[in-house]
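Data first, discussion second: the structure below is written as structure tokens.
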Amino acid sequence: MNNLEMMSTKEIIEVGFALVGLIVSFVAIWQSRKSIKLTEQSIRDANRPYIGINIESIDTVYFEKFIVFKNYGNSSAKLKSLEFISDTSKLDFIKNNMQSLVGGTIIPGQKFTSSIDSEFKDLIHIEICYEGPDKVVYSEVFDIKTDMSSDLLWEQHTLSSDDKVATAIKLGAQSISKTLK
């Protein structure tokens, strides 16, 4: 007689339950590890730096455009490299390809801006590499559409009774309130 024939039905059921319990335990441990890894990744993503590059338009007495580098994340970012993939010969408003930013640190919420000729309407491609406090390096490419606001309307309301100073103050206040919204 072999060992299986010598086991009673009760013993077979007990061994079966033990195996099921063991399998359930392994699945629970695997699922817990997976959940912990996802939580750790979520925490890293929530606390990492996010450098964004975009165009800002300001309409006051006249219309202005700026290229903006801003850290939208929750930790500081050290700029490792900044490369204009576009032909920069038309970008006479960008001095030395903005290399003064490279090596610097941008804290959360901080931004750097540079004026752009309001008539410039080409697409700019920029690759930026930056490092977070955890020494992880992030690399992103931005396609900056500089003519996004070209067909948006803006108005300038003046009263005939206002002099130039009053008009300038009103337009400045309107611009500030629009920016703060």
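Values quoted throughout were computed directly from the atomic coordinates according to the rules given, and no laboratory measurement underlies them. Just so you know, these numbers come straight off a predicted model, no measurement behind them. Please note: Cβ atoms are built from the backbone with ideal geometry, for glycine as well, and neighbour counts cover all protein chains shown.
For region 124-132, in order, what is each residue's ³J(HN,Hα) by Karplus, 6.51 cos²θ - 1.76 cosθ + 1.60 with θ = phi - 60°, in whole Hz (x at glycine and Pro)?
10, 10, 10, 10, 10, 10, 9, 10, x
Do the alpha carbons of any pairs in Lys65/Lys121; Lys70/Lys170; Lys78/Lys135; Lys78/Lys111 sit beyond 20 Å of each other, and which pairs?
Details: Lys65/Lys121 11 Å; Lys70/Lys170 29 Å; Lys78/Lys135 9 Å; Lys78/Lys111 13 Å.
Cα-Cα > 20 Å for Lys70/Lys170; rest within.
Once the piece of chain linking Lys135 and Ile23 is laid out straight, how much longer is it, given 0.36 nm per residue of separation minus the C-alpha distance between them?
Working: separation 112, 0.36 × 112 = 40.32 nm, distance 3.94 nm.
Gain on stretching Lys135 to Ile23: 36.4 nm.
Could you put Glu131, Glu119 in order, starting from the residue whose Cβ has the fewest other Cβ atoms within 10 Å? All intermediate terms of the calculation are to be shown ahead of the outcome.
On the way: Glu131 16, Glu119 10.
By the 10 Å Cβ count, ascending: Glu119, Glu131.
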